[in-house]
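Chemist: One structure is given below, represented as structure tokens, and several questions about it will come after.
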Amino acid sequence: MQPKIFSLIDKAIYDYKMIPEGAKILVGASGGKDSTLLIEYFANRMKRRNEHFSFTALNIKTDFADEFSPELKKIFAGWGVNVETLEVNTLERVKPGRKMNCFWCSMQRRMELNEYAARNGFTHVALGHHLDDALETLLMNMLNKGTLETMPPAMKYDKYPVTIIRPLYYVPVSAIVEHAEIEGWKSQTCTCTYQDNSGRKDVRRRLEVLTNGDNAQKKRMLLALKNIRPQYLP
């Protein structure tokens, strides 16, 4: 029997038509719990269905990141997945007077994923953003920019000939943590000395206070973005 969490992923993929027939998907493999779940899901889906798409896992290794976890590579191999690696020097790209931070590093790695996908004929790039990520981004944009926007579940780029998909869109982070503990993964977490994401951490705390950590309330917050009533807005 497949894990219950896979049903949430199936639903998001179905609702937003993320994977058309013949799709060639590049999955960003960071070594963390989110992308690991995504890779496990795709590997499992290949075994339980007669699928008409393919996927490849790619790790973008920055110049200050640890090597991809050998233990995790063994787990992936058990799923029939080989992780490819692309080394990128992000420090040399930092502009004079600026300092490295999580946002800059993430943006550079995302750019490399997209360019790799474009060069190698991939049609889709799958990212491990989950329900909490989408809601945190929503709150950050509301509080800091005064805009109502967040990470879309599927988005076709203008600059790149690929579509970004986020199959974990309905999955709360607590469910991912629970699943990772049950499966016994050893996640590889970023431990660099450039971490600077205090803004997102603060919004994460606010989201937990706002919803009291209730996943049902978080799901309703996400649903509100699809249930807009313009007549009751300014």
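The values are calculated or read from the model by the stated rules, or taken from the named source; none is laboratory data. Just so you know, these numbers come straight off a predicted model, no measurement behind them. FYI the Cβ positions are ideal-geometry reconstructions off the backbone, even for glycines, and counts take in every protein chain you see. Calculation scope for accessible area: heavy atoms of the full protein, side chains included, ligands and nucleic acids excluded. Shrake-Rupley method; radii C 1.70, N 1.55, O 1.52, S 1.80 Å.
Chemist: Defining a contact as two alpha carbons under 8 Å apart and six or more residues distant in sequence, what relative contact order in percent does the range 1-66 show? Before the final figure, lay out each step's value.
Modeler: Numbers: 50 pairs, mean separation 24.8, N = 66.
38 percent.
Chemist: Under 17 Å from the 7 Å Cα→Cβ point of Asp202, by amide nitrogen: which residues of the range 105-149?
Modeler: 136-147
Chemist: Right, another one. Sort Ile176, Ile19 from largest to smallest accessible area, using a 1.4 Å probe on the heavy atoms of the protein chains. Intermediate values should be presented prior to the final figure.
Modeler: Numbers: Ile176 0, Ile19 30 Å².
The ordering from most to least exposed comes out as Ile19, Ile176.
Chemist: At a 1.4 Å probe radius, which order do Met46, Met18 fall into by accessible area, largest first? Let's see the in-between values first.
Modeler: Values: Met46 60, Met18 5 Å².
Result, largest first: Met46, Met18.
Chemist: Each residue of the range 49-58 in turn: what ³J(HN,Hα) in whole Hz from Karplus with 6.51, -1.76, 1.60 and θ = phi - 60°, glycine and Pro shown as x?
Modeler: Those phi angles translate into 9, 8, 7, 10, 9, 10, 9, 9, 9, 10 Hz.
Chemist: Quote to one decimal, in nm, the extra length available between Thr85 and Asn141 on full extension: 0.36 nm per residue of separation minus the C-alpha distance between them.
Modeler: Values: separation 56, 0.36 × 56 = 20.16 nm, distance 3.27 nm.
Full extension of this stretch gives 16.9 nm more.
Chemist: Another question, if that's okay. Compute the FRET efficiency between Asp214 and Met107 as 1/(1 + (r/R0)^6), taking r as their Cβ-Cβ distance and R0 = 30 Å, and round to the nearest 0.05.
Modeler: Numbers: r = 32 Å, r/R0 = 1.06.
That pair, Asp214 with Met107, gives E of 0.40.
Chemist: At a threshold of 8 angstrom on Cα-Cα distance, excluding pairs fewer than six apart, so keeping six or more, what relative contact order does the chain reach in percent?
Modeler: On the way: 318 pairs, mean separation 58.3, N = 234.
It comes to 25 percent, rounded to a whole number.
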